[in-house]
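The structure's right below; bear with me while I get my questions together.
Readers should treat all values here as calculations from the given coordinates under stated rules, not as data from a laboratory. These numbers come from a predicted model, not from an experiment. When we count neighbours, we look across all protein chains shown, and the Cβ atoms used for this are built from the backbone with ideal geometry, even at glycine.
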Amino acid sequence: MKLRSSTLEGFRAVFGRPSFVLAEIAWRWSVGIAAASLFGIALVEYLDTLPLSGKDIFFLRTGQPPLVAKAIHDIFRGSAARAVFATIVLAISMSLAWIVVASLGRISTVRALYNYFRSGEAGWTTLSDLQPEWRLAGGWRPLVGLNFLRIAATVAAVTAFVGSIGLVGAISEKSNSGSGSATLILFMLAMFIWIAWSIVNWLLSLSSIFVVGKGSDTFGAITAAVDLCCHEAGSVAATGFWFGLAHIAAFVIGTSVVAFPLGFARVLPGGVVFGGVLLVTMLYFAIADFLYMGRLAAYVALVELPDAPPPPVILPPLAPFSPIEMMGRVDPDELILSDVPTLPESGS
């Protein structure tokens, strides 16, 4: 059991030092904006390569669903291979860029958290002060390994979901089951895949604090994270619960607030509505990064916090004995030191 609550220490760290959150937002949003820009440019270039005849333009302007569908089918016919190839190239490029940037960003933020707790700014003595052999000697290469495993887990999850779609479709065709049963099976498979991916991704994310704090390698950090979950299961679960509850509350509030600009879609210009939705979305992402950084600070505090001292053992008081009881407890025939005769010294 730890001396303090790691959850409260995590909230205190991000509220007391907003620079932690700003640093997290800086590297996360830079990658997100770069990815969105590249995919947007690729989409525009892809649309420029599509053939557009006068007949297709006429069908699109009619507004009739069958004619519009026929025009869209003719426009996109034969271009799926180019779209898939461009998507794969962009996904691989952005994944490699994310691995490098995320490794450098994570080592900076986690190192700042360790320095915050070890400098005494948190108001308590860390475990590293008691064990000075712990140093911030972790490099970025083990973090590259952890982030590569996170990408691999994501690819495996997407592949499993696509495979489950084909499996459910094949089963529904052979068994002639309704669409409701197939949808339910697909939903259950997707939920299991998401849970497995979330657990693996969370464990790999937690392992990063041992790379920076203890200088562990990739698999050593994963082992240390598993040991922390086993020895401090209650504290880890409590931290995840409270920060997860706050994240769910932020998501519910965000989805409720985003309905306000959408409700004025018929009155306000489209640009104003889009700007309102974008503003609410960015605020939600900022809050999500705030909570993520707070949870990471809580895990670092859990590693650094010393254990609470064991409670003192209070022995029951001894009952006094009366002289009669004392005489009854002493054996008169037992020799004591004064009854032993003095032995003659050697050589006398």
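Going by C-beta contacts inside 10 Å, put Phe274, Phe285, Phe11 in order with the fewest on the left.
Arranged by neighbour count, lowest to highest, Phe274, Phe285, Phe11 become Phe274, Phe285, Phe11.
Under the √(5λ) rule applied to the eigenvalues of the Cα gyration tensor, what semi-axes describe the equivalent ellipsoid of region 160-248? Give them in Å, descending.
Values for region 160-248, descending: 38, 16, 9 Å.
Something else now. Give the order of Thr239, Thr281 when sorted by the count of other beta carbons within 10 angstrom, beginning with the fewest.
Sorted ascending by nearby Cβ count, the order is Thr281, Thr239.
Sort Met188, Met94, Met293 by Cβ crowding within 10 Å, fewest neighbours at the top.
Ascending number of Cβ neighbours within 10 Å: Met188, Met94, Met293.
Right, another one. Shape verdict for region 10-114, please, from the Cα gyration tensor: rounded (a/c under 1.5), prolate (a/b greater than b/c) or oblate.
Since a/c reaches 1.5 and a/b is larger than b/c, the shape of region 10-114 is classed as prolate.
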